[in-house]
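I have placed the structure first, in the form of structure tokens, so that the comments after it can refer back to it.
Each reported figure results from applying straightforward, stated rules to the coordinates on display, with no laboratory input. Please read these numbers as outputs of a predicted model, since none were measured by experiment. Don't worry about glycine lacking a Cβ; one is built from the backbone with ideal geometry, like all the others, and counts go over all protein chains shown.
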Amino acid sequence: MNEERRLRYLRAKPIALAALDLAEAEREPYVVACCRGDEDMRDEVRWMLEAAEATVGCASLPRLAAATDVVGSLISAAGSSGYHILRRLGEGGGGVVYLAERTLGEGTPDELRQRVAIKFLHTGGISGCEPLRRFTEERRILATLNHPNIAHLIDGGTTSDGRSFLALEYVQGERIDRWCERHELPLRERVALFLKVCAAVHYAHQHLVIHRDLKPGNILVTDEGEPKLLDFGIARLLDHVGGVAATQTQTDMRSLTLAYASPEQLHGRPLGTGADVWSLGVVLYQLVCGLRPFGDSDEASPMSLTQAIDTGKLLPPSKRLRKSGATSLWHEVPADIDAIVMKALRRDPCERYAGVDALAADLQRYLAARPVRARQGAAWYHLRLFVRRHAVGASAAALVLALLVSFAVQRMQQMRRLELERDKTAAIAGFLQNLFENADPTHAHGSQVTVREVLDRGAATLMSQRDIPAPVRVSLLLSMGRSYNQLGLGGQAIPPLQEARKLQASYDADVLERGQVLAALGRAYSTVINLSAAIPLDQEAMKLLAQAPGDHADEILRVRINLLYNELGGSNETAASIAHEVRQVLAQLDARRQPDRELHLQAEAVLAMAQGAMDDDAGAIASARQALHEAQRLYVQDDPALVYYRFVLALVSMRQDPAGSVQLFRRAIADYDRQVGSVGPGMSGLLTYFGVALHQLGSLPDARDALERSAKLAQSFAHESPDFQLYTLTGLARVYMDMGRSADAAALLQPQLAQLERRARDGSPWARENRANALVVLGEAALVHDDAASAMRNFSAALAQMGTSGPRELPDAWGRTLAGLGEAALLDGHPGQAAQWLAQLTDFNRASKAAPASRGVADAARLDARLRQARSGTGRAAATATGQASATPPRESCRGPAPAAAAVDSSSTPCHDAPLMVAEQATAGTGAKH
Amino acid sequence: MNDTVEVTRLLRDAQAGDPVALNEALRQMYDALHGIARAQLGNEQMERTLSATALVNEAYLKVFGGTQAPDWANRRHLLGVAARAMREVLVDSARRRNAAKRPREADRLQITEISMELSDGVDYSALVECLDMLATLDRRQADIVAMRFFMGMSAEQIAMALEISTSTVQREWRLARAWLQRELAG
């Protein structure tokens, strides 16, 4: 630091400090006078004044790396993909933005180069497990925003040197205001363009995401004339990264663009969709008259601008235009537009449009020359009560609640049309108030109440709150259920959704809403791996959605994919017919101009599993790779969704590349553990199928560890997902058997017999198969202990359970049962009977074209040998040999078409939490091919 | 040297400008801080984050004995030493971590109140250099930065310790922060 700068700092400081004590207006003249024409000095003082007054941003030191130029460098995330930084795009929204290129699948034939906008955040890296999870959770919600007019969040996390970054879809376009000016767009077309913006914002609101920083700079128009919204929800995400710093400095303003900020934003109050309505109002104002309502000329300083937004006079666009004397394309702004803009710009959020859809609807009415609502006066302003009551600090919780409030308000409007009594309004207000009180940060850990916590509280309260009218409760319960599903918490979603379903019976609920509740419920059951419960729900939901007025094609398709997935494991549909149907779905999607990418890759994954179940390994692997490839483009790098697609690939590649598959499994489990946590159905599902796969590979101790861990987890949600628990236990028992621990295997399954039978009686093929397999294990365990009677009983029960379809559907269990019955008869001293069973087994082996090295053939050979020995008088030795033989596992002992235990989330987030499927089915026939 | 009277005398001398006494006081505080931090971080069962205030308090107790947390308002002379020692500990740990080819999680020192300011990406030698420079330029600002960065003290605590108003602390803090940012951005 040179002496000159040093002296300047020292001399500037007293001037700056003195100036700070002066009134705002007196400062500049004072500074100018003090500096006596020394421009450098004046700049230094001004810089100090700015720094001293800065209540925004920069709570921390700049990270050195971010301060240096990174152009040309290669950034790699903690995960795998790397970004090549091309050039600096600009700064804003909490960080510096660079244009970068990402290469996917480098060196492979389908190498893909993708241009992205990388934003480095002005914050420290995210440290600690909890903040990371919260950040991931928030980002996951953002990543579910999948709309043609919203720039997609592609990736994010922490670079290997510890900087936080986000990668967003790179949009080449021009700011909406400039684009409109350059094209001299007529008013009606501007409104039409703006409506597209509204649709995107409304879409995000429905996904519980508000933008908070809408401004022309964040709305670009592409060459094709399509608007694209940037930075959706980033402001909220930054709250989470900001963590400690944000709460310490009590500022949430960061990089807020004041001219577009709503009054509630300026005051740091909890924000709802109303904040975005306001900002859209400002943008619309600007689009229709070319001037901003605030901050265009008179209010240059932040202080005066804040005052203007808060209390200043707001002229309607038409008057503003006239007053400014600007020459405009139009002679005047129509009164309807004036009214609409002014309604969006009410200072009290409750007096604004209740939602962006309402604003859009009014603009549509204007275009259709129908009377606009904004001019009909305000009928429901007393609802301001809602927002007034939540004086809790701005947090994630408040945000979610504010969104729920706006749902409730919209719902109230509908209800008013139905002329419901007034006191019901008070009931909702009471409910919301309650939520806010419970969201008191001092009760939770710090001020960072998570979305999850709010949902938990909200759901609990709503379940018991009887004084809120049923239709309102239903819409709130549905929103909560969907949010749970989005977070992969199907188990939590079930009770509120069941309650909603029950409530709907009490009033005349419309078809669409009924379909939506069922669809959400079906998905919730899928995520906890209860396929037989999910299937009828999906079917019913599809029927209802198809009946509902309006176009719900995507929604129906989503349910249909989920249904196919469930059917793969929980029904009698053949894999071939499911594959055929999935191909139809894919063709349907491909035929669209802008297919929903998430639906596409979900369908691709189902196809992979169906192909795996059909023994089409090459096809299955290709489809699974394609799905993973698409998923990597769609989801952020540490999104748990990717775990699921990796898992699918692992399953279908087991036969061709067992070692690689086990590696994929391990990675999926580690990722899942880090991102989501090691409890719940998701982890349990991963572990069970991993364990089954390891068993097939012959790594018994590893298989045992995985399955034991999973069995422990599965117990906690056995109520929601009984078949999955039984499947896990049976799998574990089989491993025990192969390890020679037949007593443990029997002890594990014996207590489950009653439950196995209950499930099998009215359950799915999966449940019937679980019972058959369990009985076979018990029979084989009895043989080891020379208990001929018990063996006979269990094998006979297994035979009866499988019935006539056994040889076709459960060849493995069938063959083992025949062999077991033969051994039992021999042990019991009935060589004649044993010979009959042997004959049946030999016939079966021949009919099923069993390979010479397969388990069935080996069993037959062994039984034959022992039978001969027995007949030649060495029965006892043979019986001993039986025991030894049973204890030595043939590698293909798992061969058998277990059902697909699939749990895909085919709604907006695909099954992060229960990434399961047809382990056995996909790998069926392993033995035969070895 | 664990005699409390002795340490107090040391600190008084250090405050009066005796470099040997200052070094000795620093060394003791440093050893105490380092020892406690190591012990805590080495314990696998423990959370791997520490509170800066708790750390300093504990070190104080270790060096000066007694059972009471220090009352900084009456122990101003100690503050500078403690903050400086804390800074050495942090910088030391960060350097080690940055120098390691493959930093181990166990080497990571996370201090709750200040982790946001001092995260892994910061160039510590540059930071220390800037802070030293600031100290020659404006002693009070540098003290405020040290207390805030390295001891996690709140504006109110700093105000009390330095006997100035909270708003002055905040103003000085912002100026200092802006200055550091400018210098670091170079």
Please compute, for the alpha-carbon atoms of the stretch A:3-53, the extent along each of the three principal axes and give them in descending order in Å.
32, 22, 13
Remind me, relative contact order of the stretch A:775-888 in percent, using alpha carbon pairs under 8 angstrom and six or more residues apart?
26
Tell me the label-point distance for the pair A:Ala368, B:Glu129, using the 7 Å Cα-to-Cβ offset, in nm and rounded to one decimal.
6.8
Ranked by Cβ crowding within 10 angstrom, fewest neighbours first, how are A:His211, A:His552, A:His580 ordered?
A:His580, A:His552, A:His211
Residue-wise HN-Hα coupling along the stretch A:780-790, computed from phi with Karplus coefficients 6.51, -1.76, 1.60 (Hz; x: Gly, Pro):
5, 5, 5, 4, 4, 8, 6, 9, 4, 5, 5
Over 21 Å (Cα to Cα) - which of A:Lys196/A:Lys228; A:Lys313/A:Lys343; A:Lys119/A:Lys228; A:Lys196/A:Lys319; A:Lys215/A:Lys323 fall in this group
A:Lys196/A:Lys319; A:Lys215/A:Lys323
Along its principal axes, what span do the Cα atoms of the stretch A:691-781 show, with the longest given first and each in whole Å?
35, 27, 20
For A:Gln715 paired with A:Lys849, estimate the spin-label separation in nm (one decimal), with each label point 7 Å from Cα along the Cα-to-Cβ line.
4.6
Length gain on complete extension for the stretch A:Arg868 to A:Arg115, per 0.36 nm per residue less the alpha carbon to alpha carbon distance?
263.8 nm
Along the Cα-to-Cβ line of A:Tyr30, 7 Å from the Cα, sits a label point; which residues in the stretch B:139-168 have backbone N less than 20 Å from it?
B:165-168
Measure off 7 Å from each Cα along the Cα-to-Cβ vector at A:Arg6 and A:Glu224, then give the distance between these two points in nanometres to one decimal.
6.1
Net charge near A:Ser790, counting Lys/Arg +1 and Asp/Glu -1 over other residues with Cβ under 14 Å of its Cβ?
-4
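A:Ala587 to A:Glu181: extension gain in nm, 0.36 nm per residue of separation minus the Cα-Cα distance?
Values: separation 406, 0.36 × 406 = 146.16 nm, distance 4.12 nm.
Extra length from A:Ala587 to A:Glu181 when fully extended: 142.0 nm.
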